[in-house]
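Q: Please read through the structure below; I'll follow up with questions.
Bear in mind that the values in this text are calculations on the coordinates, not laboratory data. From a predicted model like this one, the values you see are computed outputs, not experimental measurements. Here the Cβ positions follow ideal geometry from the backbone for every residue, glycine too, while neighbour counts run over all protein chains shown.
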Amino acid sequence: MPVIRLILNILWLVTGGLVMGLAWWLAGVLCFISIIGIPFGRACFVIGELAFWPFGQDIANREQVTGHDDIGTGTAGMIGNIIWFLLFGLWLGIGHLTLAVGCFLSIIGIPFGLQHLKLAILSLMPIGQTVVART
């Protein structure tokens, strides 16, 4: 399976992964301009890595992974997700959704379209989520 994941990840870069990974990193750089945005920026770089190499990784609720609440899984996380959605989430989501539609136009592109949909959902509400390795 690791060889298949490697091949899919390389093909993924051509089907929009490179562009969207760079978009996530650009959002991260913009977040780092303000001190308040640093936690958002750090999350952008982590999710940007996922956007570059998504096969073999998944997204999980941080509370379920760690077994306890933190600031990102409660009310503050919800407020952060609203701010995130208004500033960056909508635009990243549209980018992933557009690329997903393009990938779904061919049968071969369906796995890549599914990854774009996964990232589009994550782009709307990333706070309180974490990236985990798929076994």
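Q: Can you give the FRET efficiency for Ile4 and Asn61, using 1/(1 + (r/R0)^6), R0 = 35 Å, r = Cβ-Cβ distance, to the nearest 0.05?
A: Calculated transfer efficiency: 0.80.
Q: Only counting other Cβ atoms within 10 Å, I'd like Ile127, Ile82, Ile47 sorted with the fewest neighbours first.
A: Numbers: Ile127 22, Ile82 13, Ile47 25.
Fewest to most other Cβ atoms nearby, the residues stand as Ile82, Ile127, Ile47.
Q: Next question, about the same structure. Give me Rg over Rh for region 69-135, both radii from the alpha carbons and Rh done the Kirkwood way, two decimal places.
A: 1.08
Q: Set Lys and Arg Cβ to +1 and Asp and Glu Cβ to -1, take the dipole of the chain about its Cα centre, and tell me which of Gly102, Ala133, Pro54 lies farthest positive.
A: Among Gly102, Ala133, Pro54, the one farthest towards the positive end of the dipole of the chain is Gly102.
Q: Which ³J(HN,Hα) values in Hz, rounded to whole numbers, follow from the phi angles of region 46-51 under the Karplus curve 6.51 cos²θ - 1.76 cosθ + 1.60, where θ = phi - 60° and Gly and Pro get x?
A: 5, 5, x, 4, 5, 5
Q: Please turn the phi angles of region 84-100 into ³J(HN,Hα) values with the Karplus equation 6.51 cos²θ - 1.76 cosθ + 1.60 (θ = phi - 60°), one per residue in order, whole Hz, x for glycine and proline.
A: 4, 4, 5, 8, 10, x, 4, 6, 5, x, 5, x, 5, 5, 4, 5, 5
Q: So what is the 222 nm mean residue ellipticity for the chain from helices alone, if each DSSP H run of at least 4 adds -39500 (n - 2.57) and you divide by all residues, rounding to the nearest 500 deg cm²/dmol?
A: Result for the chain, helices only: -20000 deg cm²/dmol.
Q: Normalized C-alpha radius of gyration of the chain, against 2.2 N^0.38 Å?
A: 1.04
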